[in-house]
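Please read the structure below before turning to the comments.
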Amino acid sequence: MSVAPRAGHCGSCSSGPNRTPGPGSRRPPAPVASAAMRLQVAAGGPAALKVVAAAEFAAAPVRLCWTPPAEQPLSPLCSPWVPALQLDSGAVLFSPNAICQYLFLAGGQEPTDLTNQWLEWEATELQPVVAAALYAQLVHGKKGLEAAGHLGKLLAYIEQSLSGRGTAYLAGDTQSVADVVVWGALFPVLQDEASLSNELQALRTWFQTMTLSEACRKAADSVLMPKGLLEFKSYLQKQPPPCLAVERATSNEPEEEEASERALTEEEIRAAADAWARGAAALPKPWCPQKPVLPVEGMRNVLITSALPYVNNVPHLGNIIGCVLSADTFARYCRLRNWNTLYVCGTDEYGTATETKAVEEGLTPREICDKYNAIHADIYRWFHISFDYFGRTTTPHQTTIAQDIFQRLLARGFLLQDTVEQLQCEGCQRFLADRFVEGICPFCGYEEARGDQCDKCGKLINAVELKRPQCKLCRGVPVVKPTQHLFLDLPKLEEQLEPWLEHSWSSGDWTANARYITRSWIRDGLKPRCITRDLKWGTPVPLDGFRDKVFYVWFDAPIGYLSITANYTDQWERWWKNPQQVELYNFMAKDNVPFHSVIFPCSLLGADDNYTLVNHLIATEYLNYEDGKFSKSRGVGVFGDMAKDTGIPADIWRFYLLYLRPEGQDSAFSWSDLMLKNNSELLNNLGNFINRAGMFVCKFFGGVVPDMVLTADDKRLLARVTLELRQYHQLLEKVRIRDALRCILSISRHGNQYIQVNEPWKRIKGNEEDRQRAGTVTGVAVNMASLLAVMVQPYMPSVSLAIQGQLCIPPECFVLSHIFTCTLPPGHRVGTVSPLFQKLENDQIEALRKRFGGGQPEDLTVVRQAKPTPPASAPVPAPASGPVVAPGDPQLIQELTEQVAKQGNHVRQLKANKAEKAEIDAEVAKLLELKKQLALAEGKSPEVLVPKGKRKK
């Protein structure tokens, strides 16, 4: 079958209103001005404020209808107190943000990337906190800043944005839908700028300007009527309090004891006591799936993938938390919920990166893959990553499935052929694939950008766009030459992609950064994407004229999820061609988002074979190391193969990485903070509570759980723990992994306070009533410890297992439900109780900080000299005998590059083995001499290489 020629250079597609989704809601249809549009709102409902203001601002042709919330809504999907807009067609919009955007579109103002971002932020970050503040105001009677306290960091974010951009409004110098939506959310809580700190000057000015505008004044006067507010308050009093997940996400710091938590209702306390009394019989039976795990009719079938790590390197802590550890935590949670769960991953082994690494190490690509696949598997095993199957992409199944998808795309007309300009190295006599080229990024000026992507700014690059490109093999300057390649016709597939994205966003959980990055790609206009490369190591292209090429890694690699599953079970299609029964979760760092949200879905949509597409795309930001980035070559940061040599157990690493998980913004690993969190949160909080609860049973009651007679205070504690448990579920169901961890620590803090207030160690020495009280407190505490053993399992599986063993928790109780019940009844015998955690000492941490802080021998600073002089730090051996170094000899350059890499590895190994300083210095001198020879061979002026910290003056 022939391939359609690519029709010239593809320019940007239209970014008009019919193409850009509306943040915080599904994209509204393209507006058609009509006087018949009906806007139904309820007076007193804060959500109505923004839509009424938007209608005024945009001068939109709507008929405003004030209706009681009890009246029949325009659509059965509409909720009470939520406005709705009925269009000419009869369709109904019932998301306030979608309505606002529609009204502005009707008024001729199209959305921009920035307004989209603000609407997304308002819906996902600001709105939940505002809802909690309104609840505190109207239901609990809190006033002003007391109710709005949780808004602090969000207000600071708005202040920073306004002052940083130097604009009067959120998205520029004129009012936009973003200003109306954010103002409409804040006004019911703040009312006027006087409640804002004087430090928030830009925010105060903006808020005052918006509040005094005619449209906002009219909206506030008409919506926030006293009678309507009373009805809204009555409605809120019947609702459960909002979950403050977002507030917890804004800080890495431990939360203070919430002495001023909201009051518990009598109904909540009664329900908690009833659940407790039902005992372990109230829990569901743990689900034990058959092997291999396959979808089961009538169950929730969860398929989890983490981005396939490149086989050519050792993962650092940021790689581990960004993909495999986050996915593992969620997979463990799913299994505890009795969801039928399959978690697959493997090494991504094809492509330029593997060939490059093979050249560096003097091995074949297959040998490199075998070596590093084993390294990855060993690291993940040590971190207790619970893959159902960990595979690799260099398998026959990968070839079969990838070529089948290619053939189906070809048959359906979704592939194009074009002549493209590509860099060719005349010295190496080969076209250079992306990663064989380095140069200056055309976007940000970063000097070590790769030929496919800049690691600094994250933008995708065509290698020919690099400034001052160099061949990585010989350091020669490549030339641009034409070559034939195949392209995926993304513009043609966009008609299928956009409706699918709308559905996935509305029904699934995509992180805000994943939505934003995807929208940016679509808004900028999709272009045909090259899917072939001039390499030998890859899946071969099964088409005449292209059989000397392989598939581009980002067409090929995501197909690895399918082929890895096929290596796990020959019934892999029951997972991957079964969207009716399977929910797919993809975990990754944000730089992988476009390939999973646009390119891979387009490939599967175009193949038209009922493939399972992602329902929930979970992307993290980046984890940095102390004040900079991880660097294997410079010895900066902890890498997976090093963590186990620190003496710190794997579960402590898991805990701290998950505590820091960069969910909403970048975070940074810190040795001091690791010590603090271990000693405060684990040793003094969680570990202290569980150890005390178990020890009291052993010491005071002979190892047997005593009888319990619950008081009103005990029942209130049960209700408080139940609320934390439910919030834990709410957060993990939304994959807010870091925030849910705070719920565990909050329960143990409640437990420590409960023990401290009741003092069972004193009461056990008192009268009968005191001894009975000591028994009740001990029994409740040890059951809280039993609950924590299950809740902590996704985060620290070994610690969970230790608690289970110490307290002799029955296996049938190791399941998560939404109730806190008595799983260790009176008469239950516990085992031997011992401490779960050890203190980290300052000296130990300082030694580790120094060890992983850089300054490796190859971390060298270049100091240019007028004339070459020997390094001061070590004697230079006499010049090697042999032929004179001839500048520009590609073969010699390649040999010297390999020798430098090998000598660098040798020096690192000597340091790791703590060899004698004299021996290390001698090998460092050889390394410096090799680098000097390499510089001469590349035609560069000789330079003095000085180890970091010994810069010559």
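The values are calculated or read from the model by the stated rules, or taken from the named source; none is laboratory data. If you're wondering where the values come from, they're calculated on a predicted model, not measured in any experiment. In this analysis, Cβ positions are derived from the backbone assuming ideal geometry, glycine residues included, and neighbour counts consider all displayed protein chains. Each accessible area value is taken on the protein alone, full model and side chains, heavy atoms only, with ligands, DNA and RNA left out. Shrake-Rupley method; radii C 1.70, N 1.55, O 1.52, S 1.80 Å.
Tell me the residue from Leu486, Leu526 that is in contact with a Ser or Thr (Cβ under 6 Å, 6 or more places away or on another chain) and crowded, with 21+ Cβ neighbours inside 10 Å, please.
Numbers: Leu526 fails: in contact with a Ser or Thr (Cβ under 6 Å, 6 or more places away or on another chain).
Selected residue: Leu486, the only one of Leu486, Leu526 that is in contact with a Ser or Thr (Cβ under 6 Å, 6 or more places away or on another chain) and crowded, with 21+ Cβ neighbours inside 10 Å.
Being touching a strand residue (DSSP E or B) at 6+ places or on another chain (Cβ under 8 Å) and either under 30 Å from Leu584 (Cα atoms) or buried (at least 23 other Cβ atoms within 10 Å of the Cβ) (or both) narrows it down to one of Leu660, Leu732, so name that one. Give the steps one after another, and end with the answer.
Details: Leu732 fails: touching a strand residue (DSSP E or B) at 6+ places or on another chain (Cβ under 8 Å).
Within the list Leu660, Leu732, the selection yields Leu660.
Residues in region 565-580 that are part of a helix (DSSP H, G or I) and closer than 13 Å to Asn610 by Cα: how many?
Let us first name the residues in region 565-580 that are part of a helix (DSSP H, G or I), namely 565-568, 573-576.
Still in the running and closer than 13 Å to Asn610 by Cα: 573-576.
So the answer is 4.
What pairs come out if I take residues in region 571-593 that are free of Cβ contacts under 8 Å to residues at least 40 places away in the same chain and pair them with residues that are open to solvent by 50 Å² or more (accessible area, probe 1.4 Å) whose C-beta lies under 7 Å away, six or more apart or interchain?
Short answer, once both residue conditions are applied: Lys577/Asn610; Pro579/Asn610.
For Ser603, only one of the following conditions fails: (1) assigned to a helix (DSSP H, G or I); (2) open to solvent by 10 Å² or more (accessible area, probe 1.4 Å); (3) over 19 Å from Pro309 (Cβ atoms). What is its number?
(2)
Within region 640-669, how many residues are farther than 24 Å from Arg381 by Cα and free of Cβ contacts under 8 Å to residues at least 60 places away in the same chain? First the steps, then the outcome.
Looking only at region 640-669, we keep the residues that are farther than 24 Å from Arg381 by Cα, and these are 663-668.
Filter again for free of Cβ contacts under 8 Å to residues at least 60 places away in the same chain, leaving 665-666, 668.
Looking only at that region, the number is 3.
Being more than 28 Å from Ile304 (Cβ to Cβ), touching a residue at least 12 places away in the same chain (Cβ under 8 Å) and among the small types (Gly, Ala, Ser): is that true of Gly362 here?
Numbers: more than 28 Å from Ile304 (Cβ to Cβ): yes; touching a residue at least 12 places away in the same chain (Cβ under 8 Å): yes; among the small types (Gly, Ala, Ser): yes.
The answer is yes for Gly362.
Contact list please: Cβ distance under 6 Å, first residue in region 474-486 and touching a residue at least 60 places away in the same chain (Cβ under 8 Å) and within 7 Å of Leu423 (Cα to Cα), second residue in a strand (DSSP E or B) and open to solvent by less than 80 Å² (accessible area, probe 1.4 Å), pairs at least six apart or on different chains.
Lys481/Gln424
Suppose the filter is open to solvent by less than 80 Å² (accessible area, probe 1.4 Å), within 19 Å of Tyr333 (Cα to Cα), among the hydrophobic types (A, V, I, L, M, F, W, C) and modelled with pLDDT under 90; does Ala263 pass it?
Numbers: open to solvent by less than 80 Å² (accessible area, probe 1.4 Å): yes; within 19 Å of Tyr333 (Cα to Cα): no; among the hydrophobic types (A, V, I, L, M, F, W, C): yes; modelled with pLDDT under 90: yes.
Spelling it out, it is not the case that Ala263 is open to solvent by less than 80 Å² (accessible area, probe 1.4 Å), within 19 Å of Tyr333 (Cα to Cα), among the hydrophobic types (A, V, I, L, M, F, W, C) and modelled with pLDDT under 90.
Condition check ((1) of a type in the set (S, T, N, Q); (2) more than 26 Å from the chain's Cα centre (by Cα); (3) under 22 Å from Thr612 (Cβ atoms); (4) surrounded by fewer than 22 Cβ atoms within 10 Å (Cβ to Cβ)) across all residues:
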residue	(1), (2), (3), (4)
Tyr343	no, no, yes, no
Thr356	yes, yes, no, yes
Leu363	no, yes, no, yes
Ala377	no, no, no, yes
Arg381	no, no, no, yes
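Looking at (1) in contact with a Gly (Cβ under 9 Å, 6 or more places away or on another chain); (2) buried (at least 21 other Cβ atoms within 10 Å of the Cβ), which one does Gly628 not meet, given that it meets all the others?
Unmet condition: (2).
If I filter region 697-715 down to residues being among the charged types (D, E, K, R) and crowded, with 16+ Cβ neighbours inside 10 Å, which single residue comes out as nearest to Arg771 (Cα to Cα)? Talk me through it step by step, then tell me what you get.
Our first condition is that a residue be among the charged types (D, E, K, R); within region 697-715, this holds for 699, 707, 713-715.
With crowded, with 16+ Cβ neighbours inside 10 Å added as a condition, the list becomes 714-715.
Details: Asp714: 16, Lys715: 19 Å.
Filtering first and then ranking leaves Asp714.
Tell me whether region 435-452 contains one or more residues that are open to solvent by 30 Å² or more (accessible area, probe 1.4 Å), closer than 26 Å to Asn615 by Cα, without any contact (Cβ under 8 Å) to a residue 12 or more places away in the chain and of a type outside the set (Val, Ile, Thr).
For region 435-452, residues open to solvent by 30 Å² or more (accessible area, probe 1.4 Å), closer than 26 Å to Asn615 by Cα, without any contact (Cβ under 8 Å) to a residue 12 or more places away in the chain and of a type outside the set (Val, Ile, Thr): absent.
Name the one entry in Arg716, Arg742 that is of a type outside the set (Val, Ile, Thr), in contact with an Asp or Glu (Cβ under 7 Å, 6 or more places away or on another chain) and in contact (Cβ under 8 Å) with a residue 60 or more places away in the chain.
On the way: Arg716 fails: in contact with an Asp or Glu (Cβ under 7 Å, 6 or more places away or on another chain).
After ruling out the rest, the residue left standing is Arg742.
Condition first: in contact (Cβ under 8 Å) with a residue 60 or more places away in the chain and part of a strand (DSSP E or B). Now tell me which residues in region 453-470 satisfy that. Quick ask: steps written out before the conclusion?
Taking region 453-470 as the starting set, the residues that turn out to be in contact (Cβ under 8 Å) with a residue 60 or more places away in the chain are 453, 458, 460.
Across region 453-470, the qualifying residues are Gln453, Leu460.
Which of the residues spanning region 424-460 are within 24 Å of Tyr310 (Cα to Cα) and of a type in the set (A, V, I, L, M, F, W, C)? Please lay out each step first, then the result.
Step one: list which residues in region 424-460 are within 24 Å of Tyr310 (Cα to Cα), which gives 430-441, 446-460.
Once the filter is applied, which keeps residues that are within 24 Å of Tyr310 (Cα to Cα) and of a type in the set (A, V, I, L, M, F, W, C), region 424-460 yields Phe431, Leu432, Ala433, Phe436, Val437, Ile440, Cys441, Ala449, Cys454, Cys457, Leu460.
Please identify the pairs in which a residue from region 312-325 that is over 26 Å from Glu367 (Cα atoms) has its Cβ atom under 9 Å from the Cβ atom of a residue that is acidic (Asp, Glu), counting only partners at least 6 apart or on another chain.
Hits for this filter: Gly322/Glu621.
Sort through Leu486, Leu473 and tell me the only one that's farther than 17 Å from Ala98 by Cβ, in contact with a Phe, Trp or Tyr (Cβ under 9 Å, 6 or more places away or on another chain), not in a strand (DSSP E or B) and not small (Gly, Ala, Ser). Full working, then the answer.
Working: Leu486 fails: not in a strand (DSSP E or B).
Unique residue meeting the criteria: Leu473.
Pick from Gln160, Gln137, Gln175: which is surrounded by fewer than 19 Cβ atoms within 10 Å (Cβ to Cβ) and either of a type outside the set (D, E, K, R) or at pLDDT below 85 (or both)? Show your work before the answer.
Working: Gln137 fails: surrounded by fewer than 19 Cβ atoms within 10 Å (Cβ to Cβ); Gln175 fails: surrounded by fewer than 19 Cβ atoms within 10 Å (Cβ to Cβ).
Result of the check over Gln160, Gln137, Gln175: Gln160.
Name, by its number, the condition in (1) open to solvent by 20 Å² or more (accessible area, probe 1.4 Å); (2) touching a strand residue (DSSP E or B) at 6+ places or on another chain (Cβ under 6 Å) that does not hold for Gln665.
(2)
Matching residues to (1) over 22 Å from the mean Cα position of the chain (by Cα); (2) hydrophobic (A, V, I, L, M, F, W, C); (3) farther than 22 Å from Phe390 by Cβ:
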site: Thr511; (1), (2), (3): no, no, yes
site: Ala514; (1), (2), (3): no, yes, yes
site: Lys549; (1), (2), (3): yes, no, yes
site: Tyr552; (1), (2), (3): yes, no, yes
site: Glu583; (1), (2), (3): no, no, no
site: Lys590; (1), (2), (3): no, no, yes
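Within region 483-521, can you find the residues that are under 24 Å from Phe406 (Cβ atoms) and hydrophobic (A, V, I, L, M, F, W, C)?
Scanning region 483-521 gives Leu486, Phe487, Leu488, Leu490, Leu493, Leu497, Trp500, Leu501, Trp521.
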